[in-house]
Every structure is written in C-alpha cells, then in structure tokens.
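These notes concern the structure reproduced below.
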Amino acid sequence: MVPSWAPQIQVFSHGSTGGFLTHCGWNSILKSIVNGVPLIAWPLFAKQKMNAVLLKDGLKVAFRANENGDGLVKREDIAKYAKELIEGEERQLLRTKMRRPKDAATMALSPDRSSTKSLAKVAQTWKKKNHEI
C-alpha cells in the first residue's frame, strides 16, 4: 500500500499490477478500467458506495470489502481479497470481465472517437473564448 501520492497511471499500466484497493472514487475507477486492473472496492461514503455496487454487481470486476457490525473492514478480509486477485480462482474471471469495459474505454479514447472528439471540442471552445478576451 502506498500511503501518499503515487504515479497511478504507471502503477495501473505495469504488468505486475494484479489489482487495486480503491475507495471507489471515479478517477481511480476509470484508470483501473482503462488498464484492465480488477478492484477491491472499499467505499467510504456518498457516491462511492453506489460506484462499488456498479463494480461488484453490475460490471462484476471487483470484490467488495464488507464492514462488520462496528462499521470496520478487517485486515484479514482485505488480505483474503488481495490474495484472491494474485493467485485465486476468481482472478482470471475478474480479468476476463474487465476486458469488456477496458476495450470500450480504449475505443472511446481512440482518435476520432467520442471521448477524444468531445475533449477536442471543449479545448476549441476554451481557445476561442480565450481569444475573445
């Protein structure tokens, strides 16, 4: 675990990255999907809990860390999920399921596709407005 800032893109894209423990913030989810990295979802509050449901039950690309009666997640549970991501039977299933959203993200980010075109349009609008000032 990295307690402070880390170069997430390099970490996610590294071949030895077997999974990612996330609080289910949208940026980390997107980086994980783009790189095909399965997740251990540990949401803390608000929309993160909805994101965790989407990852586990909708896309089926994550394990969900469950709180005990005191609202805590035990380290043994996190260790169990981490071990499963590295060497367990469900590891390959999660990676296979992650392939579909990864491919969709790759396509959307390709030149002349939706995300690239939308970002270029925003940049042109800002550039135009900047010249008007």
Check on K129, part of a helix (DSSP H, G or I), over 29 Å from W5 (Cα atoms) and open to solvent by 90 Å² or more (accessible area, probe 1.4 Å): yes
Considering residues that are at pLDDT below 90 and among the charged types (D, E, K, R), the number found within the stretch 96-120 is 3
Residue selected from the stretch 86-99 under the condition in a helix (DSSP H, G or I) and of a type outside the set (A, V, I, L, M), by the criterion farthest from the chain's Cα centre (by Cα): E87
Please name all residue pairs, on different chains or six or more residues apart, with Cβ atoms under 7 Å, provided the first residue is in the stretch 75-88 and is open to solvent by 30 Å² or more (accessible area, probe 1.4 Å) and the second residue is in a helix (DSSP H, G or I). E84/E90; E84/R91
Unmet requirement for A108, which otherwise passes all of (1) among the small types (G, A, S); (2) open to solvent by 80 Å² or more (accessible area, probe 1.4 Å); (3) touching a helix residue (DSSP H, G or I) at 6+ places or on another chain (Cβ under 6 Å): (2)
Do we find a residue being closer than 23 Å to G15 by Cβ, acidic (D, E) and assigned to a helix (DSSP H, G or I) anywhere in the stretch 100-109? yes
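The values are calculated or read from the model by the stated rules, or taken from the named source; none is laboratory data. Since we're looking at a predicted model, the values are computed, not measured. Cβ atoms come from the backbone with ideal geometry, glycine included; neighbour counts cover every protein chain shown. SASA here: full protein model, heavy atoms, side chains in, ligands and nucleic acids out. Shrake-Rupley method; radii C 1.70, N 1.55, O 1.52, S 1.80 Å.
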